[in-house]
Each structure stands twice: as C-alpha cells, then as structure tokens.
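Please read the structure below before turning to the comments.
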Ligand code: G3P
Ligand code: CA
C-alpha cells in the first residue's frame, strides 16, 4: 500500500517539481539522518587510515566506517579489500593499490592469484601477512587518477586495526562531547570462513571488550552476505545492517545455491525477512533513485517507505563530491544530490566528503546553527509535513 508521503514524492518527482530536498520526509525514528564517514573522509585522505577517520569526525561525521578483513594471525584490520595491491596478471601493471606492498622487495614472493567470491585476483592479500608485517606497510590513495591531491599523503599512514579505530572513536567522543559511532563491515565472510579466518567471533569479542552492547549502542555491523548476519544475530545484540546492492546476489547465496537476488531482498517480502535478524538496510543509492542510461535520476522507488514499513532503517551509499560519481542532474552540485536523497526520509548515508554531507544534513534538518531551509511553497509548507505526521502516526492513505 502506498503511503501518502510516498505518493506525494512520486507525484512531484513525476511533475518535475521534486524540491531537491527543501523538506525532509520522516526518518524511521524522527531523528535527523546520520552522516557516516565512508572509510573515513576518503575524499580528502587515503581511505581506511586513522587520519581519514579523524578528519571525518572533525568534519561532523556521526559514525566512521571501517571495512574489515583479517590478517594471517586473525586480527581484524581496516581495508577496503583483502587484496591490498592488485596487478594485471598479464602485464604486471598495478591496477589498484591501497598500500605500498607491491613496491617492497621483501614481499615480492607473496604475490599470488586467488579466487575471491568467484573472481580471479592477482596481487597481495592481507590473510598472507601477519599484523606485524602489515604494520610495516604504508597506505596509499586508492584512486589517484580521481583524487591526485590525496597522493600527497601516500606513505604517511599505517593500516589501522579495528581496535585502533575504536580507540580513535572513543578518544574523539571524549574530546568533542559527541558520541562517535563505528560502522564495521565484514568483507567476504564466506571466503574467510572457508580458509579458517572467520571474522564474526573476533568482531563480536572486540566490540564486547570495548563495552558495546544493546540495540542503542553506537554501532552498526554491516554485511553484503545474509548468513553471517543471521549468525551474528545469535552472537550479539548490537544493531545489524543488511547491505543491498543494485545488482547480483549475496555470495553466500551463490555458494548455497539460493537463487534469491538483492532485488528479491529489497521487496516488501524480502525486507520482512531481513527485519527478523537486522535493524536496517544499507542500500546502493541507485536502489532508491535509479538512473537512466545517461546517469540522469529517475523517479524514486518505494524502497524507503517499504523498509520503514518493515521497521528497518535505511542507510544509503556512497556519496562522493567528484563529478565522475554524481548523477547528470547534479554535476558540480554535490549538495543537490544530498538534498534529494535526504528528502526521501533516509536515516543516514555514507559519504566520502562528510563536510558536505554534514552541512546539507544540518541545513535540511533545520539545525538552527546552520542556514534554515527555504520552504517550497505549498508543497514544503503543507503536504510533506502533513505526510510526515501521518507516517509518524502510522496512517496510510
Ligand atoms: O558498506 C557500504 C559501502 O561501503 C559499500 O560497500 O564493499 O564498497 O565497502 P563496499
Ligand atoms: Ca563498506
């Protein structure tokens, strides 16, 4: 059943009147949406470094996001992938690197080829190094062709452990008086289970040892797989988030022969199943507002309303300021993209540029310390607030 607010949003979008976020639709709890520093402030520092996380916090992020992979000795560290330098197997040219490992002769013999989630990758992998060895490496900008300014920081920072990320969040919470949350993602859980480096147990143990417990703790644990989240729901009472991609299916479904796709999980029936073990969904933003072949935004889908109807939070990813990532509608105007997504009533978003996300979030949420959003005539003044009120009272039309 369509909720009234969704009907208004879809109608106004179809009429070309969608107000680029002047008024927020209701979030699930009514609280302002959270800003999640995606791998830190990755637009400004090499991702997954303590410098990137600290800058994200200083820019206003409410949560910082470490993607997690294990070392050979079972320590959880923050890296986008277990592949910390990837080469073209034919030419040997580096195609992506988040560390300088490929430049170090003492580790030349660690280069190997593995199948990770069905994909052949040649390079260096965290599970082949002890933490002590990984600590001798230095982080590099992952996408230097897009963020050349960040290469000035290449070679300066270590790979942080999960514990070091938590220590930073706690220190900055004490210093700022804000509660800085952590939003860890388990990467390739089926793969790591299969090689005897299961991540769930050390993750739960580390979070417990640091005093995190309960559904109100400033923690969200996320995964693209389903089975490990269900497993985690039996091991911890911390909030869990099911990641939803725009295409494909969870890799544990591929392994088990389950034919369901992410699109199936994003249906009302799929969301109801997710709500049995998780508190939210972390969605590719294209699932909320699809793009056409020219990258122009289309009408919003009903995913936010459907997820909220299942009592699930909605956190969208990934927001980045560079034109290459922006939809056609908002080239040169990243704030406009944030505004339109906040208008949907999302409960948070992952951003590489937390300063932009923070400023827009505060403005559209009506933070008096920031500029006040301008009303959008009758639509802004009457219809959307009315829709939000009806939603809060669980009235559907
Ligand atoms: O975790 C949300 C977002 O980061 C998407 O996942 O795998 O690119 O880190 P990933
Ligand atoms: Ca992630």
Worksheet item: Among the numbered criteria (1) within 16 Å of ligand 2 (Cβ to nearest atom); (2) surrounded by fewer than 20 Cβ atoms within 10 Å (Cβ to Cβ), which single criterion is violated by residue 189?
Response: (2)
Worksheet item: Within the stretch 239-253, restricting attention to residues that are outside any helix (DSSP H, G or I) and away from ligand 2 (no atom under 16 Å from the Cβ), which residue is surrounded by the most Cβ atoms within 10 Å (Cβ to Cβ)?
Response: 249
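Search the stretch 89-99 for residues being in contact with a strand residue (DSSP E or B) (Cβ under 8 Å, 6 or more places away or on another chain) and part of a loop (DSSP other than H, G, I, E, B), and hand back the single one that is surrounded by the fewest Cβ atoms within 10 Å (Cβ to Cβ). Reasoning before the result, please.
From the stretch 89-99, those in contact with a strand residue (DSSP E or B) (Cβ under 8 Å, 6 or more places away or on another chain) are 89, 93-99; that's our starting set.
Subset that is part of a loop (DSSP other than H, G, I, E, B): 89, 93, 98.
Values: 89: 13, 93: 7, 98: 25.
Top of the filtered list is 93.
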Response to the item:
Flagged pairs (Cβ under 7 angstrom, 6 or more apart or on separate chains; first in the stretch 45-66, under 12 Å from residue 159 (Cβ atoms) and touching a residue at least 60 places away in the same chain (Cβ under 8 Å); second assigned to a helix (DSSP H, G or I) and within 15 Å of ligand 2 (Cβ to nearest atom)) are 46/52; 66/162; 66/165
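Which members of the stretch 161-193 meet the condition of being within 16 Å of ligand 1 (Cβ to nearest atom), touching a strand residue (DSSP E or B) at 6+ places or on another chain (Cβ under 7 Å) and more than 19 Å from residue 350 (Cα to Cα)? I'd like the intermediate steps shown before the answer.
Initially, the stretch 161-193 is screened for residues within 16 Å of ligand 1 (Cβ to nearest atom), giving 162, 165, 181-192.
Next, only the ones that are touching a strand residue (DSSP E or B) at 6+ places or on another chain (Cβ under 7 Å) stay: 162, 165, 181-189, 191-192.
188, 189, 191, 192, listed by residue number.
Kindly indicate which of 117, 128, 167 is closer than 18 Å to residue 79 by Cβ, within 16 Å of ligand 2 (Cβ to nearest atom), at pLDDT 95 or above and surrounded by fewer than 20 Cβ atoms within 10 Å (Cβ to Cβ). Break it down stepwise before answering.
Numbers: 128 fails: within 16 Å of ligand 2 (Cβ to nearest atom); 167 fails: within 16 Å of ligand 2 (Cβ to nearest atom).
Within the list 117, 128, 167, the selection yields 117.
Within the bounds of the stretch 174-182, is there any residue that is within 16 Å of ligand 2 (Cβ to nearest atom) and at pLDDT 95 or above? It would help to see each step written out before you state the result.
Step one: filter the stretch 174-182 for residues within 16 Å of ligand 2 (Cβ to nearest atom), giving 181-182.
Subset that is at pLDDT 95 or above: 181-182.
Taking every residue of the stretch 174-182 in turn, at least one turns out to be within 16 Å of ligand 2 (Cβ to nearest atom) and at pLDDT 95 or above.
Residues that are away from ligand 1 (no atom under 16 Å from the Cβ), under 23 Å from residue 362 (Cβ atoms) and touching a strand residue (DSSP E or B) at 6+ places or on another chain (Cβ under 9 Å): list the helices (runs of 4 or more DSSP H) wholly contained in the stretch 254-344 that include at least 1 such residues.
Values: elements: 262-265, 268-274, 303-309, 334-342.
Passing ranges, in order: 303-309, 334-342.
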Discussion item. Looking at the stretch 23-44, can you tell me whether even one residue there is under 23 Å from residue 203 (Cα atoms), more than 16 Å from ligand 2 (Cβ to nearest atom) and surrounded by fewer than 22 Cβ atoms within 10 Å (Cβ to Cβ)?
Written reply: no
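Can you tell me which of 318, 301 is farther than 25 Å from residue 147 by Cα and surrounded by fewer than 23 Cβ atoms within 10 Å (Cβ to Cβ)? Reasoning before the result, please.
Details: 318 fails: farther than 25 Å from residue 147 by Cα.
Result of the check over 318, 301: 301.
Does residue 102 fit the bill of being away from ligand 2 (no atom under 16 Å from the Cβ) and part of a strand (DSSP E or B)?
Against the criterion (away from ligand 2 (no atom under 16 Å from the Cβ) and part of a strand (DSSP E or B)), residue 102 does not qualify.
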Worksheet, complete the sentence: residue 354 fails exactly one of (1) closer than 20 Å to residue 265 by Cβ; (2) within 16 Å of ligand 2 (Cβ to nearest atom); (3) in contact with a helix residue (DSSP H, G or I) (Cβ under 7 Å, 6 or more places away or on another chain), namely (1)
Worksheet, complete the sentence: Of (1) surrounded by fewer than 17 Cβ atoms within 10 Å (Cβ to Cβ); (2) touching a helix residue (DSSP H, G or I) at 6+ places or on another chain (Cβ under 6 Å); (3) over 30 Å from residue 358 (Cβ atoms), residue 179 satisfies every one except (3)
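The values are calculated or read from the model by the stated rules, or taken from the named source; none is laboratory data. All of these numbers come straight from a predicted model, not from anything done at the bench. Every residue, glycine as well, gets a Cβ built from its backbone with ideal geometry; the counts of neighbours run over all protein chains shown.
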